[in-house]
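Visitor: Input: one structure, supplied below.
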Amino acid sequence: MTVHPLRLVVLTRNLEAGRFGTAVTRWFAREAERVDEFKLDLIDLSRAPLDGLAARIADADAVMIVTAEYNHAYPGDVKTAIDAVRRPWYAKPVGFVVYGGRSGGLRAAEQLRLVFGELHAVTIRDSLGFREEDFTPTGEPVDPTTSAAAAALLRQLAWWARGLRDARAATPYPE
């Protein structure tokens, strides 16, 4: 039996140089690339056209959203991107790496869980949240256990991705 790698979309807002979100996204992408069972597709919403987003999400086995907390929620361009996709989210595992504010972005993750529940997606219970002081100026986490936390999150995501990929292949998700 041939085991195909899981296709992981890492969806982020903007990979502009010098931004904290860029450091978080690039660090997480490196962590994901270390996991042999994932094939990474990094999507920068500031550069990727929304009309091609649904196909990339449909092809993915799992999605990780990397976003800032903005006004105790998440940014509008992330909501626009989520809404542009709709059906491909069904029965898809989604995880969160969030950043910003006193909560380290966790309020954004909690609000995103509500949105993805409505889209019949399966959100991963654990998430990663960061404040700017959690990273060095060179874009590395200060806490040496952060990579282990990312690895645990990726293991959970892979578990759900395999099961849901097989389930979607056997029986289409009911409407």
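The values are calculated or read from the model by the stated rules, or taken from the named source; none is laboratory data. Just so you know, these numbers come straight off a predicted model, no measurement behind them. So basically every Cβ, Gly included, is an ideal-geometry build from the backbone, and we count neighbours across all protein chains shown. When the accessible area is computed, the model is the full protein with side chains, heavy atoms only, and any ligands, DNA or RNA have been set aside. Shrake-Rupley method; radii C 1.70, N 1.55, O 1.52, S 1.80 Å.
Visitor: If you check LEU157 against the conditions, is it surrounded by 12 or more Cβ atoms within 10 Å (Cβ to Cβ), farther than 16 Å from ILE57 by Cα and under 16 Å from the mean Cα position of the chain (by Cα)?
Guide: no
Visitor: It is to be established whether one or more residues within segment 69-87 are farther than 19 Å from VAL35 by Cβ, touching a helix residue (DSSP H, G or I) at 6+ places or on another chain (Cβ under 9 Å), part of a helix (DSSP H, G or I) and among the basic types (Lys, Arg).
Guide: Yes, there is a match, as at least one residue in segment 69-87 is farther than 19 Å from VAL35 by Cβ, touching a helix residue (DSSP H, G or I) at 6+ places or on another chain (Cβ under 9 Å), part of a helix (DSSP H, G or I) and among the basic types (Lys, Arg).
Visitor: Out of the residues in segment 29-68 that are modelled with pLDDT of 95 or more and in a loop (DSSP other than H, G, I, E, B), state the one that is nearest to GLY105 (Cα to Cα).
Guide: Taking the candidates together, the pick is LEU45.
Visitor: Look at VAL94 and say whether it is closer than 28 Å to ARG162 by Cβ, in contact with a Ser or Thr (Cβ under 6 Å, 6 or more places away or on another chain) and open to solvent by less than 30 Å² (accessible area, probe 1.4 Å).
Guide: Spelling it out, VAL94 is indeed closer than 28 Å to ARG162 by Cβ, in contact with a Ser or Thr (Cβ under 6 Å, 6 or more places away or on another chain) and open to solvent by less than 30 Å² (accessible area, probe 1.4 Å).
Visitor: Can you tell me which condition ARG107 does not meet? The list is (1) open to solvent by 50 Å² or more (accessible area, probe 1.4 Å); (2) over 26 Å from THR146 (Cβ atoms), and all the others hold.
Guide: Looking at each condition in turn, ARG107 falls short on (2).
Visitor: Shifting gears a bit: Only one of these conditions is not met by GLY139: (1) open to solvent by 40 Å² or more (accessible area, probe 1.4 Å); (2) touching a residue at least 40 places away in the same chain (Cβ under 8 Å); (3) not in a helix (DSSP H, G or I). Which number is it?
Guide: Of (1) open to solvent by 40 Å² or more (accessible area, probe 1.4 Å); (2) touching a residue at least 40 places away in the same chain (Cβ under 8 Å); (3) not in a helix (DSSP H, G or I), only one is false for GLY139: (1).
Visitor: For residues in segment 1-24 being among the basic types (Lys, Arg) and crowded, with 17+ Cβ neighbours inside 10 Å, which is nearest to ALA60 (Cα to Cα)?
Guide: The residue in question is ARG7.
Yes or no, residue by residue, for (1) under 13 Å from the mean Cα position of the chain (by Cα); (2) open to solvent by 10 Å² or more (accessible area, probe 1.4 Å); (3) more than 19 Å from ARG86 (Cα to Cα):
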| site | (1), (2), (3) |
| --- | --- |
| ARG26 | yes, yes, yes |
| GLU37 | no, yes, yes |
| ALA54 | no, yes, no |
| ALA60 | yes, no, no |
| ALA68 | yes, yes, yes |
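Visitor: Which count do you get for residues in segment 83-112 that are over 12 Å from the mean Cα position of the chain (by Cα), free of Cβ contacts under 8 Å to residues at least 40 places away in the same chain and farther than 20 Å from GLU132 by Cα?
Guide: Count: 8.
Visitor: So, in segment 153-175, how many residues would count as being within 25 Å of ALA109 (Cβ to Cβ) and not in a helix (DSSP H, G or I)?
Guide: Within segment 153-175, residues that are within 25 Å of ALA109 (Cβ to Cβ) and not in a helix (DSSP H, G or I) number 1.
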